[in-house]
Amino acid sequence: MKHIESLQNPLVKTILKLQDKSRERKKSGLFLVEGKREIMLAISGGYEIDALLFCEEYLPKPEVDALASETTETITVSKDVYQKIAYRDTTEGIVALVKMKAFSLENLKLTTSTPLILVAEAPEKPGNIGALLRTADAANIDAVLIANPKTDLYNPNIIRSSVGCLFTNQIATGTSEEIIEYLSKNNVHIFATTLQNSNEYHKEDYTKASAIVVGTEATGLSEIFRERATQNINIPMQGKIDSMNVSVAAAIVLFEAKRQRGF
């Protein structure tokens, strides 16, 4: 088994680049997952693990072997090397190099005629994206569609803030136009969260095939979603402001949809 002790090792330098630069991730087709639970979720989500780097001072080898397939390279690293490549403050002792998947609309598999889908248009902050993915997982919805993404979804901050829910959701990306076309082709009703020409969210019927569309807190939804929606919806506000965190807004509407569906 290979062992790395030097901070100048080429693989260590590659890992640091993968942490920081989307360009490097896209070029190599690899991204990083840190932590045993997140790696297990990636494997359950059908991701292929290219290599596992672990520090035996933190994690015993048998636990690592349980995560490895026949094609997975396992590499031990010194404590200093692990602390260099670890992204999180809490130490679990293992980092995985994982092969990317394409977030393609064509790859989505809707297994019901009445899917419940979350659409997020132009999200940028990794923390918000991670929270949206956690909300989607908690509601056990059918898919998450990201329109005009501003951030690489394999950003380590998204994986961390989603607590691995990047791997538990069906995810696809596309332009707003492509996503609207996909939803229309699959007879999915579009409910766009916006103040303009909208009804209160709890007065709508989400028991049919439905997509809940949320925009950014700064600019809201683009005109194309507002105009092409089956119905615009709003969440009545009782305070001094007229908006809330996007993941909170998504959760309110998604769980109303789940309530209507008897879950």
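The values are calculated or read from the model by the stated rules, or taken from the named source; none is laboratory data. Not measured: the values here are computed from a predicted model. Note: ideal-geometry Cβ built from the backbone for every residue, glycine included; neighbour counts use all protein chains shown. All accessible areas refer to the heavy atoms of the entire protein, side chains included, with ligands and DNA or RNA removed. Shrake-Rupley method; radii C 1.70, N 1.55, O 1.52, S 1.80 Å.
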Query raised in the report: How many residues are open to solvent by 50 Å² or more (accessible area, probe 1.4 Å) and touching a residue at least 40 places away in the same chain (Cβ under 8 Å) if we restrict to region 149-183?
Result: 5
Requested in this report: Kindly indicate whether any position in region 101-117 is among the hydrophobic types (A, V, I, L, M, F, W, C), over 22 Å from ILE141 (Cβ atoms) and either touching a helix residue (DSSP H, G or I) at 6+ places or on another chain (Cβ under 6 Å) or in a helix (DSSP H, G or I) (or both).
Outcome: no
Report summary line: Those residues of region 170-208 that are under 15 Å from LEU108 (Cα atoms) and small (Gly, Ala, Ser) come to a total of 3
Query raised in the report: Among the residues of region 87-101, which ones are open to solvent by 20 Å² or more (accessible area, probe 1.4 Å) and either polar (S, T, N, Q) or at pLDDT 95 or above (or both)?
Result: THR90, THR91, LYS99, MET100, LYS101
Query raised in the report: open to solvent by 50 Å² or more (accessible area, probe 1.4 Å), more than 19 Å from VAL188 (Cβ to Cβ) and at pLDDT below 95 - does that describe any residue in region 103-122?
Result: no
**Report entry** Pairs, first within 12 Å of SER78 (Cβ to Cβ) in region 5-17, second polar (S, T, N, Q) and loosely packed, with under 14 Cβ neighbours inside 10 Å, C-beta under 8 Å, six or more apart
**Finding:** VAL12/SER6
Requested in this report: Identify all residues within region 188-216 that are free of Cβ contacts under 8 Å to residues at least 60 places away in the same chain, open to solvent by 30 Å² or more (accessible area, probe 1.4 Å) and closer than 23 Å to ALA131 by Cα; write none if there are none.
Outcome: LEU195, TYR201, HIS202
**Report entry** ALA218, sole failed condition from (1) at pLDDT below 95; (2) in a strand (DSSP E or B)
**Finding:** (2)
Query raised in the report: Is it the case that GLY130 is out of contact with any Cys (no Cβ under 8 Å at 6 or more places or on another chain) and either closer than 18 Å to PHE31 by Cα or open to solvent by less than 20 Å² (accessible area, probe 1.4 Å) (or both)?
Result: no
Report summary line: Listed by range, strands (runs of 3 or more DSSP E) wholly within region 28-96 having at least 2 residues that are in contact with a helix residue (DSSP H, G or I) (Cβ under 9 Å, 6 or more places away or on another chain) and under 15 Å from TYR154 (Cβ atoms) are 30-34
Query raised in the report: Taking the stated definitions as given, is ILE241 touching a residue at least 24 places away in the same chain (Cβ under 8 Å), over 17 Å from ALA122 (Cβ atoms) and not basic (Lys, Arg)?
Result: no
Report summary line: Counting only residues that are surrounded by fewer than 18 Cβ atoms within 10 Å (Cβ to Cβ) and farther than 22 Å from VAL12 by Cβ, region 29-47 contains a total of 5
Query raised in the report: Is it the case that some residue within region 69-77 is at pLDDT below 95, open to solvent by 70 Å² or more (accessible area, probe 1.4 Å) and acidic (Asp, Glu)?
Result: yes
